[in-house]
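*Asks:* Before we start, here is the structure in question, set down as structure tokens.
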Amino acid sequence: MMLVSRSVLLLGLFPLFAFGQVYWKNPMRFAGCPKPNAPDYNIKSSWASLPDMEDPADQVPKGLKNKQEIARADVFFIHPTSYLGKPTDSFSWNADVANAAINKETDGGSIQYQASIFNESYRIFAPRYRQAHFYAFLTPYAADRKAALDLAYEDVRSAFLYYLQHYHSGRPILIAAHSQGTIHAHRLLREFIENKPLQELLVGAYLPGMPVSRDSFTLLMPCKDSTESGCWVSWRTWRYGTSPNPVDAVCHNPISWTLDTVPVSRKWHRGAVLWDFKRVRKRICDAQVNQNILWIHRPKFAASRLVKNPNYHVGDYNLFYMDVRTNATLRLNSYLQKRSNYGRSSGDQK
């Protein structure tokens, strides 16, 4: 997970992290650090978003509507890292889900600016979890990194099981995540969905912010276009012309939803939502897949040239807010149509 400069926060790409504190280094090894108590998902405060709870995922910019009450499917959303600074408690490797300051960062960042994308066609379920501190991605100790992420996944897994037992009721499911959340979503898809009965209910998966290789799954394949369902998409956004260290990863273009390297003009960009969250800004981004990352030229908004860091990681979703929102609905419609056609075909055979 790459760092993004404080200028991004100030200029409004995505007010998610307190970037002034991201370089805090944990002096303790994981084994010697206290672990916070596991969340109880029977308690609503253990969730950042639920359909019957008023929360930031209900919000929409001007001209859009929150339609969760009539949604035909569910999204299980796994938020990215919002635990970055020096701890105010003894839990330095994994966040306490009762920590109000961390929850405020999560809710005012990824829940509002990312999870809300899906409220047009999906009921939103977003658990709080004992997320790994940002330092887990910087530590030289691989065992500590794994232990912190394993503890975080333990909660994501528990939340998903609770969702299945208490909320699901056989509805179609979309899995969406970002950054650290994508790491956990990958494990969730492999454990509960791929080659399991739930795979028949999978609308798709949005896995941006972390490299996801083509062979990450055995049966779940990268989506080929904008309408395919039961597949997954992933991208990592960088300024045009940059070349980060190469890794094996699939990259989709979130405007065209293809894997090719054809540049897509700003005129096809459906719209970003920036810091004020008041309106959709259309046609401010172009996009082109270059090897395994997404290139964009500087987004066309005031003072964007002051953003020096070429990594637009925190804007992976909200730079393409309407593109993802529209596509998530399109994939659901495609899934429902496919299921309807299958049902008619099965009836004909009888």
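The values are calculated or read from the model by the stated rules, or taken from the named source; none is laboratory data. Nothing here was measured: the structure is a model prediction, and the numbers come from that model. Heads up, the Cβs are rebuilt from the backbone with ideal geometry, glycines too, and the neighbour counts pull from every protein chain shown.
*Asks:* Return the residues of segment 150-166 that are surrounded by 18 or more Cβ atoms within 10 Å (Cβ to Cβ) and under 18 Å from residue 124 (Cβ atoms); say none if nothing qualifies.
*Replies:* 155, 156, 159, 160, 162, 163
*Asks:* Take residue 19 and decide whether it is surrounded by 14 or more Cβ atoms within 10 Å (Cβ to Cβ) and modelled with pLDDT of 95 or more.
*Replies:* On the way: surrounded by 14 or more Cβ atoms within 10 Å (Cβ to Cβ): yes; modelled with pLDDT of 95 or more: no.
Here the answer is no, as residue 19 does not meet what is asked.
*Asks:* Could I ask something else about it? Pick from 143, 147: which is touching a Phe, Trp or Tyr at 6+ places or on another chain (Cβ under 7 Å), among the aliphatic types (A, V, I, L, M) and either at pLDDT 95 or above or buried (at least 19 other Cβ atoms within 10 Å of the Cβ) (or both)?
*Replies:* Answer to the check: 147.
*Asks:* Please enumerate the residues belonging to segment 294-311 that are modelled with pLDDT of 95 or more and of a type in the set (Phe, Trp, Tyr).
*Replies:* Passing the criteria: only 295.
*Asks:* Do we find a residue being under 19 Å from the mean Cα position of the chain (by Cα), more than 16 Å from residue 177 (Cβ to Cβ) and either part of a loop (DSSP other than H, G, I, E, B) or not hydrophobic (A, V, I, L, M, F, W, C) (or both) anywhere in segment 142-150?
*Replies:* Taking every residue of segment 142-150 in turn, at least one turns out to be under 19 Å from the mean Cα position of the chain (by Cα), more than 16 Å from residue 177 (Cβ to Cβ) and either part of a loop (DSSP other than H, G, I, E, B) or not hydrophobic (A, V, I, L, M, F, W, C) (or both).
*Asks:* While we're looking at this one, here's another question. Within segment 213-241, take every residue that is polar (S, T, N, Q) and closer than 22 Å to residue 180 by Cβ and give me the one that is nearest to the chain's Cα centre (by Cα).
*Replies:* As a first pass, look at segment 213-241 and keep what is polar (S, T, N, Q): 213, 216, 218, 226-227, 229, 234, 237.
If we keep only those that are closer than 22 Å to residue 180 by Cβ as well, we get 213, 216, 234, 237.
Values: 213: 17, 216: 17, 234: 10, 237: 13 Å.
Top of the filtered list is 234.
*Asks:* Just to be sure I understand the filter: pairs with C-beta atoms under 9 Å, separated by 6 or more residues or on different chains, first member in segment 90-117 and crowded, with 24+ Cβ neighbours inside 10 Å and among the hydrophobic types (A, V, I, L, M, F, W, C), second member modelled with pLDDT under 95 and assigned to a helix (DSSP H, G or I). Which pairs pass?
*Replies:* Final answer for the pair search is none.
*Asks:* Just checking, how many residues over segment 58-96 are hydrophobic (A, V, I, L, M, F, W, C) and closer than 16 Å to residue 36 by Cα?
*Replies:* 3
*Asks:* Taking the stated definitions as given, is residue 291 at pLDDT below 95 and at positive phi?
*Replies:* So residue 291 passes the test.
*Asks:* Among the residues that make up segment 304-320, is at least one of them more than 26 Å from residue 243 (Cβ to Cβ) and free of Cβ contacts under 8 Å to residues at least 12 places away in the same chain?
*Replies:* The answer is no, given that none of the residues of segment 304-320 is more than 26 Å from residue 243 (Cβ to Cβ) and free of Cβ contacts under 8 Å to residues at least 12 places away in the same chain.
*Asks:* Can you pull out the strands (runs of 3 or more DSSP E) entirely within segment 152-241 that have at least 2 residues that are in contact with a Ser or Thr (Cβ under 7 Å, 6 or more places away or on another chain) and aromatic (Phe, Trp, Tyr)?
*Replies:* Those strands (runs of 3 or more DSSP E) do not exist here; none qualify.
*Asks:* Somewhere in segment 153-160, is a residue closer than 24 Å to residue 25 by Cβ and touching a residue at least 60 places away in the same chain (Cβ under 8 Å)? Walk me through how you get there before you give the answer.
*Replies:* So in segment 153-160, the residues closer than 24 Å to residue 25 by Cβ come out as 153.
Of the ones still in play, those that are also touching a residue at least 60 places away in the same chain (Cβ under 8 Å) are none.
Checked segment 153-160: no residue is closer than 24 Å to residue 25 by Cβ and touching a residue at least 60 places away in the same chain (Cβ under 8 Å).
*Asks:* Now for a different question. May I ask you to list the residues in segment 28-70 that are free of Cβ contacts under 8 Å to residues at least 40 places away in the same chain and not small (Gly, Ala, Ser)?
*Replies:* 40, 43, 44, 52, 53, 54, 69, 70
*Asks:* With the requirement that a residue be small (Gly, Ala, Ser) and part of a loop (DSSP other than H, G, I, E, B), what does segment 82-105 give you? Let's see the steps before the verdict.
*Replies:* Taking segment 82-105 and keeping what is small (Gly, Ala, Ser), we get 82, 85, 90, 92, 95, 98, 100-101.
Correct list: 82, 85, 90, 92, 95, 98.
*Asks:* Every residue in segment 313-326 that is closer than 21 Å to residue 211 by Cα and part of a helix (DSSP H, G or I), please.
*Replies:* If the condition is that a residue be closer than 21 Å to residue 211 by Cα and part of a helix (DSSP H, G or I), then 313, 314, 315, 318, 319, 320, 321, 323, 324 are the ones that fit.
*Asks:* Out of the residues in segment 242-262 meeting the condition of being more than 18 Å from the chain's Cα centre (by Cα) and hydrophobic (A, V, I, L, M, F, W, C), tell me which one is nearest to residue 326 (Cα to Cα). Talk me through it step by step, then tell me what you get.
*Replies:* Of the residues in segment 242-262, the ones more than 18 Å from the chain's Cα centre (by Cα) are 242-248, 256, 258-262.
Right, trim to hydrophobic (A, V, I, L, M, F, W, C) and you get 247, 259, 262.
Working: 247: 29, 259: 18, 262: 21 Å.
Here the residue is 259.
*Asks:* A follow-up question, please. How about segment 54-81: which of its residues are part of a loop (DSSP other than H, G, I, E, B), surrounded by fewer than 24 Cβ atoms within 10 Å (Cβ to Cβ) and out of contact with any strand residue (DSSP E or B) (no Cβ under 7 Å at 6 or more places or on another chain)?
*Replies:* 54, 59, 60, 61, 62, 63, 64, 65, 66, 67, 72, listed by residue number.
*Asks:* Consider segment 263-288. How many of its residues are at positive phi and within 19 Å of the chain's Cα centre (by Cα)?
*Replies:* Number of matching residues: 2.
*Asks:* Of 171, 130, 157, 123, which residue is of a type outside the set (Ser, Thr, Tyr) and farther than 30 Å from residue 334 by Cα?
*Replies:* 130
*Asks:* On to the next question. Within segment 261-279, work out how many residues are touching a strand residue (DSSP E or B) at 6+ places or on another chain (Cβ under 7 Å), of a type in the set (Val, Ile, Thr) and either surrounded by 16 or more Cβ atoms within 10 Å (Cβ to Cβ) or modelled with pLDDT under 95 (or both).
*Replies:* Pass one, segment 261-279, residues touching a strand residue (DSSP E or B) at 6+ places or on another chain (Cβ under 7 Å): 261, 263-264, 271-272, 274.
Okay, now just the ones that are also of a type in the set (Val, Ile, Thr), so 261, 264.
Next, only the ones that are either surrounded by 16 or more Cβ atoms within 10 Å (Cβ to Cβ) or modelled with pLDDT under 95 (or both) stay: 264.
Residues meeting the conditions: 1.
*Asks:* Go through (1) of a type in the set (Phe, Trp, Tyr); (2) over 24 Å from residue 57 (Cβ atoms); (3) touching a Leu at 6+ places or on another chain (Cβ under 9 Å) and name the single condition residue 125 misses.
*Replies:* With respect to (1) of a type in the set (Phe, Trp, Tyr); (2) over 24 Å from residue 57 (Cβ atoms); (3) touching a Leu at 6+ places or on another chain (Cβ under 9 Å), residue 125 is out only on (2).
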